[in-house]
Amino acid sequence: MAVTLEVAEVGKDFLIPVIDSVSFGVEAGEFVCLLGPNGCGKTTLLRIVGGLEPPTRGRVLLGGEPVSGSGRHTKKVGVVFQEDRLLPWKTLRENVELVLEPLGVTGAARRATADRQLRLAGLAGFEDYHPARVSGGMRQRAAIARALAIEPDLLLMDEPFGALDAQNRRIMQAEVRRIWRETGRTILFVTHAIDEAVAIGTTLIMLSARPSRIRATIANDGRVERGTLIDDLNAMIMDEVERQQGPASTS
Amino acid sequence: MIDWKQKLRLPTLGVAAVIVAGWVLLSWRYGAYVLPSPLAVARGFVDIVATGEIWRHTLASLGRILVGFGGAVVVALLAGLASFLSRTARGVIHDFLSVLNSTSVFVWIVISIIWFGLSNWAPIFTTFMITLPVVASNLVEGVENVDRRLLEMGDVYRLSGRQKFTAIVVPSTLPYLVAGTKVGFGLALKVSVVAEIFGVTSGIGYIMNYSREILATQMVFVWALVMILVMTATDTLVFNAISRRLDRWR
């Protein structure tokens with residue numbers, strides 16, 4: 001079951017404040033893209049939501065349960081990192097099977113789930129391959145299959161296609177969009193590529209430069225024409241970059 | 001055709017032939033006590049194989065290595081496990097290993113003779129103390145080099161400590177263990193033989209020293225040859241096979 005996510009006044013300091021204060025809510029089944037200039041703490045925010053890092057301030061609630069702190073929440077979170085993070089000594093099937101183990105799925109059921117997810121990710125026939133034997137795009141597909149295998153309440157993706165070439169990127173964006181449509185999962189997707197966010201997200205959240213706050217929240221419902229939206233967001237990012245670095249010298 | 005040439009390593013064989021020729025000349029010049037001829041060495045080798053003496057001493061040495069070096073591997077594994085479980089333990093182990101690493105073989109030989117007298121335990125203990133830091137440092141380094149990002153992935157998917165250990169830590173430290181064991185075994189053979197000079201009446205080290213005492217220099221060469229053969233045999237039969245198996249997924 002998809003659940004709602006609530007980020008309440010979350011802030012993070014690493015010696016200097018990186019995230020000032022960010023609050024937003026994600027409805028079940030929403031596909032939210034987190035945008036912002038480089039170094040504004042997008043990845044940090046995603047890691048806080050995923051419980052991989054504690055926030056300095058504020059809190060994150062997933063289906064009403066606090067994410068950080070001692071007690072572990074009962075919701076399932078799948079994460080697709082910038083790198084595939086597959087275990088190189090396991091086959092693609094074994095990599096997916098591994099994350100099913102803690103859920104108590106065993107034997108034939110586990111294998112069937114792994115194979116189904118790999119097939120959905122377009123990896124049928126490659127189940128017995130080791131990661132080193134397939135392409136970077138296929139490895140990232142396997143990482144997505146792994147994240148989906150646990151039937152996550154929330155799927156976090158951290159610039160998952162950053163390492164892929166333009167063609168594969170486009171294909172993978174379409175795949176993720178299709179998977180989202182078919183499964184209805186709640187997705188939080190970090191990217192610095194505006195066209196990517198506009199192509200796949202239902203809601204776009206633009207963060208400001210460091211220390212970051214939310215600069216704008218935009219419903220990507222097709223009411224604004226795509227090209228205009230991309231132009232607006234680009235202008236926003238340039239504006240933020242200038243604010244952070246000072247205006248570019250005009251020579 | 002090319003494959004055959006590669007296998008034969010003709011240049012190496014050529015150089016070896018030159019060395020053997022020089023060896024023959026030098027042994028004529030200086031006599032069999034200083035440098036026995038290749039033929040005498042070959043004859044001595046055939047002799048110990050025929051009488052079975054080769055097995056008595058080789059197995060005696062290997063037996064001691066098995067206990068001393070095997071013990072070192074076991075303790076190294078425990079050290080590796082401890083350094084995975086606790087950062088504090090890792091620091092302590094690290095410091096102790098650098099002390100052990102900088103201790104001479106001779107220190108352990110002398111101490112083991114004082115402690116264990118003239119017995120099997122002297123070479124065993126020496127082998128243990130010398131190979132332990134080699135295997136353990138490799139293993140601890142392996143544990144330190146486990147990819148944090150993979151462990152974090154394990155946390156995301158809520159793998160238990162045991163699952164993370166078997167699925168992530170063990171496979172990523174295995175190459176370090178193999179490398180450490182390979183170097184350690186070579187060292188064990190070299191060290192235990194030295195320790196066998198003192199106080200035992202079997203083993204390659206003992207028989208080499210004995211051959212020297214009875215002026216049978218050709219036998220010193222024969223047993224050196226046996227050592228080299230044991231070394232190369234374990235390298236190709238055991239370690240290369242293991243490495244090949246480990247590399248399957250690369």
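The residue that is nearest to A:LYS12 (Cα to Cα), counting only those in segment A:35-66 that are within 12 Å of chain B (Cβ to nearest Cβ) and assigned to a loop (DSSP other than H, G, I, E, B), is A:GLU53. Looking at segment B:194-250, the helices (runs of 4 or more DSSP H) lying wholly inside it that each contain 2 or more residues that are among the β-branched types (Val, Ile, Thr) sit at B:204-213, B:217-234.
If a residue must be outside any strand (DSSP E or B) and either within 14 Å of A:GLY63 (Cβ to Cβ) or modelled with pLDDT of 90 or more (or both), how many such residues does segment A:1-24 contain?
Narrowing segment A:1-24 to residues outside any strand (DSSP E or B): A:1-4, A:15.
Applying the additional criterion that residues be either within 14 Å of A:GLY63 (Cβ to Cβ) or modelled with pLDDT of 90 or more (or both) yields A:1-4.
Total satisfying the criteria: 4.
Checked against the criterion of being out of contact with any Leu (no Cβ under 6 Å at 6 or more places or on another chain), crowded, with 19+ Cβ neighbours inside 10 Å, within 11 Å of another protein chain (Cβ to nearest Cβ) and among the hydrophobic types (A, V, I, L, M, F, W, C), segment B:173-186 contains not a single residue that satisfies it. Any residue in segment B:207-221 that is surrounded by fewer than 17 Cβ atoms within 10 Å (Cβ to Cβ), away from every other protein chain (no Cβ under 11 Å), within 22 Å of B:ALA76 (Cα to Cα) and among the β-branched types (Val, Ile, Thr)? Scanning segment B:207-221, I find no residue that is surrounded by fewer than 17 Cβ atoms within 10 Å (Cβ to Cβ), away from every other protein chain (no Cβ under 11 Å), within 22 Å of B:ALA76 (Cα to Cα) and among the β-branched types (Val, Ile, Thr), so the answer is no.
Please determine, by comparing only the residues of segment A:68-79 that are within 12 Å of chain B (Cβ to nearest Cβ) and assigned to a loop (DSSP other than H, G, I, E, B), which one is modelled with the highest pLDDT. If you could, list the steps in order and put the result at the bottom.
Within segment A:68-79, the first condition is being within 12 Å of chain B (Cβ to nearest Cβ), and the residues that meet it are A:72-79.
Now drop any that are not assigned to a loop (DSSP other than H, G, I, E, B), which leaves A:72-76.
Values: A:ARG72: 72, A:HIS73: 79, A:THR74: 81, A:LYS75: 84, A:LYS76: 89.
So the residue we want is A:LYS76.
If you filter segment A:117-136 down to residues that are more than 22 Å from the chain's Cα centre (by Cα), more than 13 Å from chain B (Cβ to nearest Cβ) and of a type outside the set (Asp, Glu), you find that the one that is surrounded by the fewest Cβ atoms within 10 Å (Cβ to Cβ) is A:GLY125. Scanning segment B:81-94 for residues that are loosely packed, with under 13 Cβ neighbours inside 10 Å, more than 14 Å from chain A (Cβ to nearest Cβ) and of a type in the set (D, E, K, R) turns up at least one hit. Count of segment B:130-161 residues, restricted to those that are more than 14 Å from every other protein chain (Cβ to nearest Cβ) and small (Gly, Ala, Ser), is 2.
Against the numbered list (1) within 9 Å of chain B (Cβ to nearest Cβ); (2) surrounded by fewer than 18 Cβ atoms within 10 Å (Cβ to Cβ), A:ALA109 comes up short only at (1).
With of a type outside the set (D, E, K, R), surrounded by 15 or more Cβ atoms within 10 Å (Cβ to Cβ), more than 18 Å from A:LEU188 (Cβ to Cβ) and free of Cβ contacts under 8 Å to residues at least 60 places away in the same chain as the only criterion, which of A:ILE230, A:ILE237 stands out?
Details: A:ILE237 fails: free of Cβ contacts under 8 Å to residues at least 60 places away in the same chain.
Answer to the check: A:ILE230.
Just to check your reading of the model, which residue among B:LEU13, B:LEU39, B:LEU35, B:LEU62 is surrounded by 12 or more Cβ atoms within 10 Å (Cβ to Cβ), of a type in the set (A, V, I, L, M, F, W, C) and assigned to a helix (DSSP H, G or I)? After ruling out the rest, the residue left standing is B:LEU62.
Among the helices (runs of 4 or more DSSP H) confined wholly to segment B:97-160, which include 3 or more residues that are surrounded by 13 or more Cβ atoms within 10 Å (Cβ to Cβ), touching a residue at least 12 places away in the same chain (Cβ under 8 Å) and not hydrophobic (A, V, I, L, M, F, W, C)?
B:121-144
Here A:GLN82 passes the criteria (1) within 11 Å of another protein chain (Cβ to nearest Cβ); (2) crowded, with 23+ Cβ neighbours inside 10 Å; (3) within 14 Å of the chain's Cα centre (by Cα) except the one numbered (2). A:TRP89 fulfils the conditions (1) assigned to a loop (DSSP other than H, G, I, E, B); (2) within 9 Å of chain B (Cβ to nearest Cβ); (3) without any contact (Cβ under 8 Å) to a residue 24 or more places away in the chain except for a single criterion, (3). Evaluate the following for A:ARG139: is it away from chain B (no Cβ under 14 Å) and more than 12 Å from the chain's Cα centre (by Cα)? Considered against the rule, which asks whether it is away from chain B (no Cβ under 14 Å) and more than 12 Å from the chain's Cα centre (by Cα), A:ARG139 comes out as no.
Restricting B:ARG56, B:ARG43, B:ARG29 to those that are closer than 21 Å to B:PHE185 by Cα and at pLDDT below 95 reduces the list to B:ARG56.
The single condition among (1) within 14 Å of chain B (Cβ to nearest Cβ); (2) surrounded by 18 or more Cβ atoms within 10 Å (Cβ to Cβ); (3) of a type in the set (Asp, Glu) that A:GLU196 does not satisfy is (1).
Is there a residue being more than 21 Å from B:TYR206 (Cβ to Cβ) and not acidic (Asp, Glu) anywhere in segment B:46-65? Yes; the residues of segment B:46-65 include at least one that is more than 21 Å from B:TYR206 (Cβ to Cβ) and not acidic (Asp, Glu).
The values are calculated or read from the model by the stated rules, or taken from the named source; none is laboratory data. Source: prediction; values computed, not measured. Cβ coordinates were reconstructed from backbone atoms using ideal geometry, including for glycine residues, and neighbour counts include every protein chain displayed.
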